[in-house]
Amino acid sequence: MYYGTKKSLHPLINIFLSIFILISGLFMKDLTQIFYYILFINVIASLSGYLLTLFKVFLIFIPMGLLIALISYLISNDLSGSLITICRFGILGLTVVFSLNINPTDLSRSLNQIHCPRKISLAILITFRFIPVLKQEIGRITEAMKVRGVKFHWWNPLQYYQVLFLPLIIRIINISDTLALSIETRGFSVHKKSSFYKKVLLTKRDVFITFLTILGTISILIIY
Amino acid sequence: MKTIVIKDLYVRYPSDFAKVESQNYSQKNVTSLKQKSNNHVLNDINLTITPGEFLIISGFSGVGKTTLLSCMNGIAKHFYRAEIKGNVLINEKEINNLRIGDISQFVGTILQDTEAQIFNLQVEDEVAFGCENLGLDPDVIREKILKYCEILKIKPEAQINKLSIGQKQRVITASVLAMEQDILLLDEPLANLDFKTANRILKYLKELSLNHGKTIIIVEHRLDLVIPYLTRLIWLENGFIVDDLNQEGAIQKYFNLFNHKPKELVHESNEPLFQINNCNLGYKKKIILRDLNLKIYNSEKIVILGENGTGKTTFLRFLAGLIKQKSGKIWRTPDLRRNTFKKVGYVYQNPNYQLFMDSVYKEIGFQSKDETITKEYLELFNISHLKDQHPFTLSEGQKRLITIAAIASMKPRVLLLDEPTVGQDYEGLNILINTLEKIQQKDGTCIIVVTHDIRCASALGNRVLWFEDEKIYKEGDISLVEAYFKKNY
């Protein structure tokens, strides 16, 4: 899944920020600290042009966090602990925001630029590509079955297996085969040197946002 | 420039695949060939293909056309692990000793399944991929992207996931053409293309072969489309080359194999099945079809024509109840409203999505639940000999026929067919058209077909809808088919 725009940050910066937010989030212990941290990262994500992704991710992560927090509250009767749980889900959601804005093609190119073997960069590109393909294939097969008069019932898992799972597996295998063939027949070879049509360069904005994130995170850790 | 020499070639797949390949539609004159074939997919192939040839490989479904092509780019040997006896030489070099990636430095290949070949998000990235692998300079790659996107009429900055299947076919074609290899192997490259684009590509390929000495080898069923361009036609039957003809010979023997005149239309009732008033159709914010005003009646046979991306599939999805209009109103007869998915049968462009049973017999019988109906439809579509086969082991043309039979056996009041003739040889095409006519006459089914196929467009309907510029550009009788293909030639 890729929600990015032309203004997305450099893919390696997106990866760095995702990991950085996840790890630094683990160091935030106090509720106030976590709250300010989330607020700060929201500002960073907005500055990076990821407002729409933020909205979509929070639509999924906030209800999940609320549910887990409710369960945690019912078990421990600790309100502050439950609120921290919600906030931690928020931090997890924020890491996803940056990951979802990685353009797979640019990522593959930037990995090549830092001399990562093309075999690996291409594998990453295809893996990224496969997530929306999987989603699309599930949608198409479900729709195609509906058209053939199949009705899905939760009490009949065997039907899901036969009507959804099997065609999906066969289709995925076919796509993998064709894709692998298409890559080879279009000249890909690990033994040959390739060129890069476009270079993905770091911009001043990338450096500024990375610097600001690191500085802000350290400040929150020190001040609160 | 490179010469291809194939000497005493015999190919056999290591599994039961060979049996499947040999069970094809063509029942004419193949019994003796079958006995000789000993489960080989290809038998006794001897060919010399010189630079500049425009060669078409044709024949009925499942006779080994794709296998022959895949022997010339190493796929049969290295990917499918086929047992290969004999030699395939390109410039006296045995290509089965080379890796696919190395062969592709001078042999370009377009595979069948368009969508599965694409993995980039943007058109220019997909076109650039092959050139990057050849190690070309970025400025040269840029030039090639612009050149081939212009030839194929696609925007380099377009997002691939927003393109129609025909437009995706253009992207993959541009990607292979941009590599500019000496030999081009194309497996049904015109299947999803509109007539205008198909002709544009064929003209360009002809120029490549004529003026630049490139060898063009195409597997194609639509002979009417390719015959004006070819220099040589090879006709395969059950893995044997039974005809090797020049253009004149090909015209005499294989032109206009299909000849079918539709019967006159008689409206059974005055009440329409669908009444569409001022409807706009589209996805998200994009409008694809505007101001649709249309009535569709029982027993009608409608052909929808139009270039790639003009909203033909969107219109079928709308009639099938899979998408809703953005504005306007659609009225459906109560019977269709109550039971949309059973009463409006929709056969997809890609048959792989609608098959899920482990035999053709079970596939047809899935909804009908009645053995008599299952047998009736197996016979009607002339697929009784495939009844025990797993649908996924059949050729694309055969799979398409099975999905049509499976959905027709549900006896819908409306049958929507999206490119049903893709991958159909002339025999399959005749069976399909005759069967659709029988179904329409017997059950009064309204049949609506989207097609780019010049071979049979006029045989598929009595009423024509021509989509262009986000609307129904013209509506009329069958004479419109000729006007459409004339305009787009």
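Brief remarks on what is shown
- Shape summary: chain B maps onto an equivalent ellipsoid whose semi-axes, from the alpha-carbon gyration tensor, are 38, 28, 20 Å in decreasing order.
- Secondary-structure-derived ellipticity at 222 nm for chain B, considering helices only, amounts to -10000 deg cm²/dmol, per-run term -39500 (n - 2.57) for DSSP H runs with n ≥ 4.
- Simple label model, 7 Å out from Cα along Cβ direction - residue B:487 to residue B:339, nm: 3.9
- Computed accessible area, residue B:371, all protein chains, 1.4 angstrom probe, square angstrom: 110
- Three-way shape call for region A:118-185 based on the alpha-carbon gyration tensor, with the a/c threshold at 1.5: prolate
- Gyration tensor (alpha-carbon) shape descriptor, the protein assembly as shown, a/c threshold 1.5: oblate
- With R₀ fixed at 22 Å, the C-beta to C-beta distance from residue B:157 to residue B:284 puts the FRET efficiency at about 0.75.
- Under 5 Å, built H, 5+ apart or other chain: amide partners of residue B:303: B:449, B:462, B:463, B:464, B:465
- For region B:50-95 versus region B:302-326, the inter-centroid distance based on Cα atoms is 38 Å.
- Each label point was placed 7 Å from the Cα along the Cα-to-Cβ direction; for residue A:62 and residue A:75 their separation is 2.5 nm.
- Across region B:390-407, computed HN-Hα scalar couplings (Karplus, 6.51 cos²θ - 1.76 cosθ + 1.60, θ = phi - 60°) run 6, x, 6, 8, 8, 6, 4, x, 5, 4, 4, 5, 5, 5, 5, 4, 4, 6 Hz from first to last residue, x flagging Gly and Pro.
- About its Cα centre, region B:274-487 has a charge dipole of approximately 1140 debye under the convention of +1 per Lys or Arg Cβ and -1 per Asp or Glu Cβ, with nothing else charged.
- Distance between region A:53-128 and region B:371-431 - C-alpha centres, whole angstrom: 46
- For region B:326-341, a reduction of at least 30 Å² in accessible area between the chain on its own and the assembled protein chains (probe 1.4 Å) is found at B:341.
- Unit charges on C-beta of K, R, D, E only; dipole of region A:83-222, Debye: 320
- Of all DSSP beta bridges confined to chain B, the antiparallel ones make up roughly 50%.
- Too-long pairs where the Cα-Cα distance tops 20 Å, listed order kept, from A:151/B:343; B:286/B:342; A:151/B:312; B:7/B:85; A:7/B:286; B:285/B:324: B:286/B:342; A:151/B:312; A:7/B:286
- Those lysines that a straight Cα-Cα span of less than 23 Å connects to residue A:119, excepting residues fewer than 8 apart in one chain: A:192, A:193, A:198, A:199, B:77
- The mean number of partner chain beta-carbon atoms within 10 angstrom of a residue's beta-carbon across peptide B:352-360 is 6.
- DSSP bridge orientation in the protein assembly as shown - percent antiparallel, rounded to nearest 5: 50
- Positive contributions from Lys and Arg (+1) and negative ones from Asp and Glu (-1), summed over other residues with Cβ under 10 Å from the Cβ of residue B:245, come out at -1.
- Peptide B:139-152, shielding by other chains (average Cβ, 10 Å cutoff): 1
- Helix-only [θ]222 nm of chain A, DSSP H runs n ≥ 4, -39500 (n - 2.57) each, per residue, nearest 500: -25000 deg cm²/dmol
- For a straight C-alpha distance cut-off of 13 angstrom, the aspartates and glutamates reachable from residue B:375 (same-chain residues fewer than eight places away being disregarded) are B:363, B:388.
The values are calculated or read from the model by the stated rules, or taken from the named source; none is laboratory data. These numbers come from a predicted model, not from an experiment. Backbone-built Cβ (ideal geometry, glycine too); neighbour counts: all protein chains shown. Calculation scope for accessible area: heavy atoms of the full protein, side chains included, ligands and nucleic acids excluded. Shrake-Rupley method; radii C 1.70, N 1.55, O 1.52, S 1.80 Å.
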